[in-house]
Amino acid sequence: MSTLREKQLIVLQLFERPEPHVDADAPERDIRLSGLGRLPKSVIFSAFNSVHLQEACELYQILYAARDLIDFQTLVQQAKQFVNEGLVMYAVYVAVLHRDDLVGVKLPPYQEQRPDLFIPAETIFQAIQEDKRRIDDQPIIVNSIETTTNLDPEYKLAYFREDIGINVHHYHWHVVYPATWLPTIMGKIKDRKGELFYYMHQQMLARYDCDRLGLGLQRVIPYHNFDQKIGGYASHLASVINDSKIFASRPAGLILQDVNRDGQQVTVEELERFKDRLMQAAHLGKVIDESGKLVSLTIETGIDVLGALVEASYTSLNSTYYGTFHNDLHDMLSLIHDPDGRYKQSIGVLGTTATAVRDPMFFRLHRAVDNMFVEYKRTIPSYQHTELDFPGITVENVEVKATVTNVLNTFMTDDYLELKHGVLRLKGTVKVKFQHIDHEPFCYDILCHNSTQDEKTATVRIFLAPVYDELGHEIPINEQRRFFIELDKFQVLLIPGLNKVTRNSSESAVTAKGSTTHDEILNDVESGSEVDHSYCSCGWPDYSLVPRGNRRGMDFVLFVMLTDYEEDCVDESHIVPECKNSTSYCGLQNQKYPDKRAMGYPFDRSIKANNIEKFLLPNMKLQNIKIQFNV
Ligand code: CUO
């Protein structure tokens, strides 16, 4: 039985790049791997392409089922010789995250493994050149370049779309929740996976739209007219492991085309049909399953079923009839520049989960998808008072404590990414210097009163939304509810009488607390310290917890609500989770989602009140705050 330290070393070794074997000394192939190696090594692996996904699914199932770590290691080494490298890496990430014998082992940060998916090729190639020319082992620093000019208004949002932490979060989310996950084969549930697909992406959109308003831009326009010309984007990325294939850029003005290349066939007409069928399911609250039977979307599980249908995941009730709408849309948009492959162009960034968020079309695509879920939620009755109140509990006051009370400051800060551990095969340390958004630390002070005779455990739910729209008008409540971003959710024990609850921004249940670098993992291993804390790499970056705001100080409303934990808790709440990062957006590994309420509650359903003040009950409170961006 290996120690955690030994396992950690094994996992790090899995990611080392092998020298290619010449035929003479090619290793024997394990019979379990026969049939794999279908995707050519030169092709960029896409976790939205159904052909790629099927092969990746077969591989991670084999790796997950490996007898022990030696067997696992041998299979990975063999697979690396003849299977597409990006596909192997994805399968290894999925298998490591889920194998019972690797609980507590850290995965090397993906951005260090694949810096070429996060840093422009110009910078990557400069790093490679400077490393080649090095005369000593001193660290080399290179500066990341900008990918757009301000001739494109979308340039203003590049700091968000091209943020490394946000893209890594998105990659990991799709590794934790693979579209191809089959609980029957893997033996583990992915609780409310379809609902989380809806909610996590909805929150990304809400955060993006908050920042758009702050920058004086219109909120995202859904992409549902497929005959419409779309905007352009150039990522400047190249996939080093696929012969440095360039991720195709997209000039403005292209229109969606039928795709027919590399074993992939999807037509725009089909996509329209799937869209209409999905909308019909959302409106009627009924889905036709594979056997032709009508299945009702219930209040408890309807959104989960619809999420699986729209993505579409392998647990879709009927992918023959409803297609794989969302994945196909990623796929088709990523090939819009060369839909039949005549120019041998690679995909654009929308085709991979690590790069898709960079493209403004990611948000337009997902806004269209989100609208399907909103249409469905509109058919569900608004929450009754009894579903919102917490008798005996009153929130008296809420304040955000920072340098100035109820004012939050944001700013850009420098950061560095180490390139030497990943696929670039560098001789020494080369770091890319880049910038990301950040905010000052803050805490919430919540004063609440428990007028009952008993102690009560409350779930504290904290959300934030902008007050004014693009034109400076107050945002109507049923539009504003789509802007509400979740900042935190936690439990607190309230004694009878007055209670003061203080919570730090760094404790947020939506964020990951900064990823552990490859060097830090190595240090742990070398210093002999057992890595005893569990790890999960999914999670919104802590530095991006609050919106950017604007220079004048942008008006937001903070919403705090206390609900009865006895009604929120799930049966398994007493189990100590293996991985507790960002539970709101990532769930708990191998356990039920730790909140019985609908994701996004209480803003997931239409609100009858005319404005947010009228929606309030005694267990809720608002606080106006400003977010000021400092240059
Ligand atoms: Cu995450 Cu479309 O599902 O990018």
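The values are calculated or read from the model by the stated rules, or taken from the named source; none is laboratory data. Model, not experiment: these values are computed from the prediction. With ideal geometry, Cβ positions are generated from the backbone for all residues, glycine too; neighbour counts draw on all protein chains shown.
A compact table of results
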| quantity | calculated |
| --- | --- |
| Test for Thr353: is it at pLDDT 95 or above and either under 22 Å from Leu196 (Cα atoms) or hydrophobic (A, V, I, L, M, F, W, C) (or both) | yes |
| Options Ser239, Ser235; residue that is at pLDDT 95 or above, surrounded by 17 or more Cβ atoms within 10 Å (Cβ to Cβ), under 21 Å from Val51 (Cβ atoms) and among the small types (Gly, Ala, Ser) | Ser239 |
| Criterion (at pLDDT 95 or above and basic (Lys, Arg)) met by exactly one of Lys608, Lys626 | Lys626 |
| Given (1) within 11 Å of the ligand (Cβ to nearest atom); (2) over 26 Å from Lys245 (Cβ atoms); (3) out of contact with any Phe, Trp or Tyr (no Cβ under 7 Å at 6 or more places or on another chain), index of the condition Leu317 fails | (1) |
| Verdict on Val310 being free of Cβ contacts under 8 Å to residues at least 40 places away in the same chain and either within 13 Å of the ligand (Cβ to nearest atom) or farther than 28 Å from Gly165 by Cβ (or both) | no |
| Counted residues, the range 370-394 - those being surrounded by 14 or more Cβ atoms within 10 Å (Cβ to Cβ), in contact with a strand residue (DSSP E or B) (Cβ under 9 Å, 6 or more places away or on another chain) and not aromatic (Phe, Trp, Tyr) | 5 |
| Output for the range 51-61, where each listed residue is surrounded by fewer than 20 Cβ atoms within 10 Å (Cβ to Cβ) and either of a type in the set (Val, Ile, Thr) or within 16 Å of the ligand (Cβ to nearest atom) (or both) | Val51 |
| Test: residue in the range 400-407 that is assigned to a strand (DSSP E or B), of a type in the set (A, V, I, L, M), over 29 Å from the mean Cα position of the chain (by Cα) and more than 30 Å from Tyr159 (Cβ to Cβ) | no |
| Residues being more than 28 Å from Ala234 (Cα to Cα) and of a type in the set (D, E, K, R) - total across the range 133-153 | 4 |
| So Arg378, is it within 16 Å of the ligand (Cβ to nearest atom) and more than 15 Å from the chain's Cα centre (by Cα) | no |
| Subset of the range 352-362 (residues that are assigned to a helix (DSSP H, G or I) and either in contact with an Asp or Glu (Cβ under 7 Å, 6 or more places away or on another chain) or within 10 Å of the ligand (Cβ to nearest atom) (or both)) | Ala356, Val357, Arg358, Pro360, Phe362 |
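Per-residue answers, yes or no, for (1) more than 16 Å from the ligand (Cβ to nearest atom); (2) part of a helix (DSSP H, G or I):
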residue	(1), (2)
Trp173	no, yes
Asp191	yes, no
Gly194	no, yes
Tyr198	no, yes
Asp211	yes, yes
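Residue-by-condition table, conditions (1) buried (at least 24 other Cβ atoms within 10 Å of the Cβ); (2) over 30 Å from Pro153 (Cβ atoms):
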{"residue": "Ile303", "(1), (2)": "yes, yes"}
{"residue": "Leu317", "(1), (2)": "no, yes"}
{"residue": "Asp340", "(1), (2)": "no, yes"}
{"residue": "Gln345", "(1), (2)": "no, no"}
{"residue": "Val349", "(1), (2)": "yes, no"}
{"residue": "Arg358", "(1), (2)": "yes, no"}
